[in-house]
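Engineer: First the structure, then my questions, so here it is.
The values are calculated or read from the model by the stated rules, or taken from the named source; none is laboratory data. Please read all numbers here as calculations on a predicted model, not as lab measurements. Surface areas here come from the heavy atoms of the whole protein model, side chains and all, with no ligands, DNA or RNA. Shrake-Rupley method; radii C 1.70, N 1.55, O 1.52, S 1.80 Å.
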Amino acid sequence: MKSRQLFSVVGVVFWLVASSGVQAQTTLIAHWTFDESSGPTAHDSTGSFDGTLSGTAAFVAGGISGNALSLDGGATSFVSMGTSVPGFTTGGFSLVAWVMTTTAASTALVAGKHEAGSLDGYFISLNGSSGYGAAGKGYFYDSTNPGGVVTSTTTVTDGNWH
């Protein structure tokens, strides 16, 4: 039996920095609560970037606040936001996600955008391997940053929300 991973309250915040560099302006670009009770669509509460559930991805009870998105850890269990979500290739931005899993068996991509078949881009992931992150930890990868990886010090595969 494959273990399930739950994701809830995922949001993307993009900061537009004023030309003076002194004052930053914050704009919410996309926010997925994954709080739907059923159906094939993860609605973006900003209204622009709905996602489509694929494979065994499903909405379930038990999220951090309401329902959650459940994934089985397989390569076909995901939500596609398509190619219209901004690439965030310049400037500052933040990705935020709540994650609960009990598995440390394989790498799990939580959120990100990268070029297919390469590591060009960025992502939040769990259970690093091949020199990225660490088993049981969360990490952020950015291909434009020398060194490219920031790894959590907290174990995130303990069945609690992180």
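Engineer: Can you put TRP161, TRP32, TRP98 in order of accessible area, largest first, using a 1.4 Å probe?
Structural biologist: Values: TRP161 55, TRP32 10, TRP98 100 Å².
From most accessible down to least: TRP98, TRP161, TRP32.
Engineer: Using a 1.4 Å probe, what is the accessible area per residue for region 31-162, in Å²?
Structural biologist: For region 31-162, the solvent-accessible area averages 51 Å² per residue.
Engineer: Using a 1.4 angstrom probe on the protein heavy atoms only, line up HIS114, HIS31 by accessible area, largest first. Could you put the intermediate results ahead of the total?
Structural biologist: Details: HIS114 85, HIS31 50 Å².
Order by accessible area, largest first: HIS114, HIS31.
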